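Here, each number is a calculation from the coordinates, and none is a lab measurement. Here the structure is a predicted model, which is why all the values come from computation and not from measurement. Counting neighbours? That spans all protein chains shown, and the Cβs are built from the backbone with ideal geometry, glycine included.
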Amino acid sequence: MNKKIIIPAIIIGIFAVAAVIAFNKTDQTAENPVVAENKESTVKEFTMTSFYEIVDDQPKPQYSLKEINVNKGDLVRIKITVTKGMHDFKIDEFNVFADTKELNKEYVVEFVADKAGEFIYYCTKPGHRANGHWGTLIVTE
Ligand SMILES: [Cu+2]
């Protein structure tokens, strides 16, 4: 009589423990991506114009922002509007490129600054980088 009660009780007990373990595990895995997402979602947004002006009869192409500062891991969003000339926007190390060919249209590039250091963003049009169409992206560890 006793054994008939004890054995099912043990089995139910084992199931209950297994259920609690399984529940905790799903809970953990569900929580982790949320934590990771929060960590990555620090958005740093910048707005700049891209243009040229004439200085001493020479065209000086440039970005209105000469320096961009972010922290490693930030999601960097840069809004670029060309107001004069034909330009684009490139950062080699982050595989970022925007062919900003339409005047007065806002182009948006977005990337995660996943490495620290100083990087150059620049315009690939012939002669532009050499004439000043570039800036520095500083990613702090
Ligand atoms: Cu340019």
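A compact table of results
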{"read-out": "The lone exception for PHE119 - which of (1) of a type in the set (A, V, I, L, M, F, W, C); (2) within 15 Å of the ligand (Cβ to nearest atom); (3) over 14 Å from LYS44 (Cβ atoms) it fails", "value": "(2)"}
{"read-out": "Verdict on GLN58 being buried (at least 16 other Cβ atoms within 10 Å of the Cβ) and within 15 Å of the ligand (Cβ to nearest atom)", "value": "no"}
{"read-out": "Residues that are surrounded by fewer than 17 Cβ atoms within 10 Å (Cβ to Cβ) and more than 15 Å from the ligand (Cβ to nearest atom), drawn from segment 71-98", "value": "ASN71, LYS72, GLY73, LEU75, ARG77, LYS79, ASP92, GLU93, ASN95"}
